[in-house]
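The values are calculated or read from the model by the stated rules, or taken from the named source; none is laboratory data. Note that this is a predicted model, so its numbers are computed, not measured. We place every Cβ from the backbone using ideal geometry, glycine too, and count neighbours over all the protein chains shown. Remember, those area values only see protein heavy atoms, side chains included, never the ligands or the DNA or RNA. Shrake-Rupley method; radii C 1.70, N 1.55, O 1.52, S 1.80 Å.
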Amino acid sequence: MASTLQKFIHSLDLRALPRVLEIQSGIYCEDSVYEMFGNECSLSTEEVIKVTGFKINKLIASICENNEVSHFSDKVELPLNFPGLYKVVADKTPYVSIEEITRKVSIGPTRFGHPCFYCTKDVKLANFTIKHYEKITFCSVEEVHGTMAVNCVVVRNNQSHSFSLPLSLEGEFYECEDDQIYTLKEIAEWKIPKCRDRIVKLSNTLHMWDSPSPLPKNFDGCLILMPVYEVQAVMKFRKDIVHILSDLDVEVKDVTDCYDISSFLQPLPLEGIFERTSKEFPMVAEIMEGPSGSQKPYNLLSAGKEIVIYKKYQATRVLASEMRSDPSKRRYLIPMSYKGKFKRRPREFPTAYDLEIARSEKERLHVVATKAFTSPHKELFSVSVGDQFLVQQCQTSEVLYEGRKKLIDVLACEQILGDSYKKVLLPMYMEGGFVEVIHDKKQYLLSEICKDFNLPFNVKVSVRDLSMEKDVLAAAPGLQFEEEITDSYLLISSASSPVESWEIPVYRLNMLVHLLSKGVQTIVPPVTRTTVEEVSEEEYCMLRRYENLTLHPPPRPPKKPT
């Protein structure tokens, strides 16, 4: 049965891919050529293409009033990089089964892909009962004891309970309210269910759009979003990928069941390679679409090149930023294998609370006050610019407040007075300014800093990594190590001249390959080259916001008594 390409894609389950489609009719008639993203393809009537993937290319937005499209609203086109942060409005229409949820909602390995639902009735399992209206987090879909199921988590009384729900389970499941904020790109990738409208509310406007905004001036309401997909397809007898927008005016027919699908190439993104079992590595692949960028090894990964993929794994990186205030500040992910050495740079602390976070058992933190502070309590110390302190520990102290004694958090320090020391107490809520005094002249490896000190930590490269052709960190005026990031990587080398291997990030590199049946000459990878990865501002924000959500942020500094 024929349908429009848009209708077919909107109803298609990603897990059903690949699908073979036959072009039935449309404005692109016999021998017509359609060009998209630099790829030309003939969409002749009765032409056969294999759809291997699709993703949202842009969004059609309408202003929403009372969960309905406003009668006075024109539809506007929003690119995925349109600035602004948005809150997702929970869908009021229930899902009738777990199977429907997995078919229509994105469930994946990152925190974006962990949607939450509740059921209007208790769900009784073999060893656990989910209470009605209890928040259920959907983590992954996999086969459990021969049956497809969703791995889920419920947090109850600060304890996590893990269990599986079979896809056959029926009930009324509603989407939970989501208090996170997202970019349009994040919403497009993870938060738009198939065959349903998605309503979002503008939470924060980012004024970084050069062209006139398609939205009304000072708009702060809700939008109904309709996706337009970019369909990724392979044409017979061609090795390159073609990209077609789903709103193309053609009709198609699904002929997968009566066609030899193996006659087409099967392109795989790096995520698809990473999902393979460890036993399938190493493998040989040909690059169909390579990444952009002049940095090694990306400049070596051009279309047509053959590579060996040795293994997949999780690796630790340190997220670092240049210490400069101008907009050209650069961000890096530094591997633990980095062989350069660092010298410490002074840290700055805006509050006494930051001193408490930064102090360590390894050494006493020595700081100089850069801002004066007058204490409202006679029991606590008033700070002058230039006062020097050795930070000791956090404790509580009694102060007189409106005629009554009150316990507050304070930071115990020793004020340095020439050759003597004076014990003083600083209120933890103190908003002052301190700069660190460095006595340590030692040169540290990256691993030593992560082991011995709390991040964030300020450094400058003192000995560059000589194993790298160009050490971009050596030119930085100073670096702040912000946090450790764990990410997914593949280890690869050139198949024709495997003299060195490289680690490539799975989720930050747009690249398509197809696997070859060739055997791997050696299963032992050559020496791995250290690569410092420069990340964009957008990638930096995503790493900071979502990669380390398992670490609870420190509490806010206590407020000054009023």
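Here are the numbers:
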read-out	value
Conditions (1) in contact with a helix residue (DSSP H, G or I) (Cβ under 9 Å, 6 or more places away or on another chain); (2) at pLDDT 80 or above; number of the one not met by GLY26	(2)
Yes/no for LYS470 being basic (Lys, Arg) and in contact (Cβ under 8 Å) with a residue 12 or more places away in the chain	no
Every residue from the stretch 367-380 that is surrounded by 18 or more Cβ atoms within 10 Å (Cβ to Cβ) and within 15 Å of THR351 (Cβ to Cβ)	VAL367, ALA369, PHE373, LEU380
In the stretch 323-340, the residues that are in a strand (DSSP E or B) and open to solvent by 10 Å² or more (accessible area, probe 1.4 Å)	ARG331
Pairs where the first residue, in the stretch 256-280, is more than 22 Å from ILE523 (Cα to Cα) and the second is among the basic types (Lys, Arg) and open to solvent by less than 70 Å² (accessible area, probe 1.4 Å), C-beta under 8 Å, 6+ apart	THR256/ARG19; ILE261/LYS50; SER263/LYS236; PHE264/LYS50; PHE264/LYS236
Filter result for GLU251 (outside the structural domain of ILE492 (by the TED database), open to solvent by less than 30 Å² (accessible area, probe 1.4 Å), farther than 30 Å from GLN521 by Cβ and in a strand (DSSP E or B))	no
Count of residues meeting criterion [open to solvent by 20 Å² or more (accessible area, probe 1.4 Å) and of a type outside the set (A, V, I, L, M)] in the stretch 101-122	13
Some residue of the stretch 153-169 being open to solvent by less than 30 Å² (accessible area, probe 1.4 Å), closer than 24 Å to ASP74 by Cβ and not in a loop (DSSP other than H, G, I, E, B)	no
Unique residue being exposed (fewer than 11 other Cβ atoms within 10 Å of the Cβ) and at pLDDT 85 or above when the list is SER397, SER420	SER420
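For (1) assigned to a loop (DSSP other than H, G, I, E, B); (2) among the β-branched types (Val, Ile, Thr); (3) surrounded by fewer than 19 Cβ atoms within 10 Å (Cβ to Cβ), each residue gets a yes or a no:
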residue: ASP178; (1), (2), (3): yes, no, yes
residue: LYS185; (1), (2), (3): no, no, yes
residue: ARG196; (1), (2), (3): yes, no, yes
residue: VAL200; (1), (2), (3): no, yes, no
residue: SER213; (1), (2), (3): yes, no, yes
